[in-house]
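First up is the structure itself, then whatever we jot down about it.
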Amino acid sequence: MRHIIRYLALVILSFTGFSQEVENEASVIHDFELELETEYRFFYKDPLFNEQKNHFPALAIRPKYTIEWNEGYESITAEGFFRFDVDNERTHWDIRELYYQKVKGNWELSAGLKKIYWGVTESNHLVDIINQTDAVERFDGEQKLGQPMLQYSLNTNFGTFDVFYLPYHRRRTFAGSKGRLRFPVIIAKDEVDYESGAEEWRQDFALRYSHSFDIIDLGISHFYGNGREPLFTFDSLGNINAFYPVIHQTGLDLQITHNAFLWKLESIYRSSNAQDFFALTGGFEFTISNIKNSGIDVGLISEYLFDDRDELALNALQNDIFFGSRIAFNDIQDTSILIGGISDLESGSNIFSIEASRRIGSSWKAELEARIFSNISNEEFILSNFKNDSFLRFTMVKFF
């Protein structure tokens, strides 16, 4: 992390001349936000492996600070994160974002740690390749680590062109000995090797073109560099060996809005010396609005997931179907519920999930999450290790 902080300081100072300009600028806008979170996770089945626990109380803090000047055309955003948990590996901190941004005319430039999200589907985010997954934070993989980068965006009448220079790769953290949702062998993030001799300092690049026209939202991307997912192999003793390959990944994300339907597709082709594969996720979301004038919207979601990787994949979604429903109450408490299930069409393995949230007063928020693993086949390389790891998660968040 100290390498990242040193990089950020050099980049931001070289791009901004920040301190002198802010002193001379009459209109400077500051904004500070703070979230304090208490969390309790309960795994109600006995663990598969020694030392694993069932009860996981935890605390988290998320401060965020933004300063804008030059009429909002220049800004610095800083967002931190710290988690304290029973599992030592889940006790961690991160700089989610710390970047300078300048907007001028039809272009934007960002430098520093930043989070970038690509994708349109609900059940699997194939094209989302820029940031490393914070794998110990959430099971769904939607929490990401901040990524050091330079990003240049050009907005034209023909679409938006983004260029990314990514000078440093961040390793994925896996659960520790006490943690759940882990392998029988503890994987320390610093023990995962690299295919590249430059290791985490390999210089990576990415490009993306996106455009919205009529009812179509289109994105085309290409990434070249250290993969965000490690590949796994086994030695003669059954130990797990992992490394980050150098990959090329070309991605397509497409969303078509037609009346109450959203038709969605994400597809990638990834190549490396170790393996080449194709994957896609596609389906629809149909929204029934304002049911019986109650203000409640119900979305019905169905997606198919395909991935032709073999046993090297860090992914259990290889020939699966997802069904779900998104319920938005549209009340002042912002109550919402997402219910879903993924079923493997070959093995019959199932994962069911519930995510719900509701504001309490003006400064509190309650969240509930449940993940249930059912009928997990022993042939599932990833999921067979998690078959006893169904859990409930309760969270209370205080906003300042």
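The values are calculated or read from the model by the stated rules, or taken from the named source; none is laboratory data. Only a predicted model underlies this, so the values are computations on that prediction, with no experimental measurement involved. Note: ideal-geometry Cβ built from the backbone for every residue, glycine included; neighbour counts use all protein chains shown. Areas reflect the complete protein model, heavy atoms only, side chains present, ligands, DNA and RNA absent. Shrake-Rupley method; radii C 1.70, N 1.55, O 1.52, S 1.80 Å.
In the chain, what percent of the accessible surface is made up of carbon and sulfur (1.4 Å probe, ligands and nucleic acids excluded)?
In the chain, the share of accessible area belonging to carbon and sulfur is 57 percent.
Tell me which of Gln333, Gln318, Tyr269 sits at the most positive position along the dipole axis of segment 198-353, charges placed on C-beta atoms (Lys, Arg +1; Asp, Glu -1).
Among Gln333, Gln318, Tyr269, the one farthest towards the positive end of the dipole of segment 198-353 is Gln333.
Run the quick spin-label model on Val86 and Phe286: label points 7 Å from Cα toward the beta carbon, then report their separation in nm to one decimal.
Taking the simple label geometry, Val86 and Phe286 are separated by 4.3 nm.
Quick one: if you stick a label point 7 Å off each Cα along the C-beta vector at Arg358 and Ile215, how many nm between them?
Once both label points are built, they end up 3.7 nm from each other.
What number, rounded to the nearest 500 deg cm²/dmol, is the helix-based mean residue ellipticity at 222 nm of the chain, given -39500 (n - 2.57) per DSSP H run of at least four residues and division by all its residues?
After summing the helix terms and dividing by residue count, I get -1500 deg cm²/dmol.
Given a 1.4 Å probe, how much area per residue of the chain is accessible, in Å²?
Averaged over the residues of the chain, the accessible area is 48 Å².
Would you kindly derive the ³J(HN,Hα) couplings of segment 326-340 from the backbone phi angles with the Karplus curve 6.51 cos²θ - 1.76 cosθ + 1.60 (θ = phi - 60°), listing them in order in whole Hz, with x for Gly and Pro?
Listing the rounded values in order: 10, 10, 10, 7, 6, 9, 5, 8, 6, 6, 8, 9, 10, 10, x Hz.
So if we plug the beta-carbon distance of Phe306 and Phe32 into 1/(1 + (r/R0)^6) with R0 = 35 Å, what FRET efficiency do we get, rounded to 0.05? The partial results should precede the final answer.
On the way: r = 45 Å, r/R0 = 1.28.
Plugging the Cβ-Cβ distance into 1/(1 + (r/R0)^6) gives 0.20.
Put His211, His258 in order of accessible area, largest first, 1.4 Å probe: what do you get?
In descending accessible area the options line up as His258, His211.
Over the chain, one equal point on each Cα, no solvent: what is log10 I(q)/I(0) by the Debye formula at q = 0.08 Å⁻¹?
So the normalised log intensities are -0.47.
With the crude spin-label approximation of a point 7 Å out along Cα→Cβ, what separation in nm comes out for Ile372 versus Met396?
With each label placed 7 Å out from Cα toward Cβ, I get 2.6 nm.
Can you run phi through the Karplus equation (6.51, -1.76, 1.60; θ = phi - 60°) for segment 141-146 and list ³J(HN,Hα) in whole Hz, with x for Gly and Pro?
x, 8, 8, 10, 7, x
Using alpha-carbon pairs under 8 Å, 6+ residues apart, how would you state the relative contact order of the chain in percent?
Relative contact order for the chain comes out at 12 percent.
Might you work out the accessible area of Ile76 for me, using a 1.4 Å probe with all protein chains in place, and round it to the nearest 10 Å²?
20
Got a sec? What order do Glu37, Glu200 fall in by accessible area at 1.4 Å, biggest, i.e. largest, first?
Glu200, Glu37
Report the full-extension gain for the segment Phe261 to Phe183: residue separation times 0.36 nm, less the Cα-Cα distance, to one decimal in nm.
24.1 nm
Applying 1/(1 + (r/R0)^6) with R0 = 51 Å to the Cβ-Cβ distance of Leu252 and Lys53, what FRET efficiency is obtained, to the nearest 0.05?
Step by step, r from the Cβ atoms, then E = 0.75.
Using 18 Å as the Cα-Cα cut-off, could you pick out the over-long pairs in Lys102/Lys144; Lys264/Lys292; Lys45/Lys387; Lys64/Lys114? Don't skip to the end; give the middle numbers.
Values: Lys102/Lys144 23 Å; Lys264/Lys292 28 Å; Lys45/Lys387 9 Å; Lys64/Lys114 13 Å.
Beyond 18 Å between Cα atoms: Lys102/Lys144; Lys264/Lys292.
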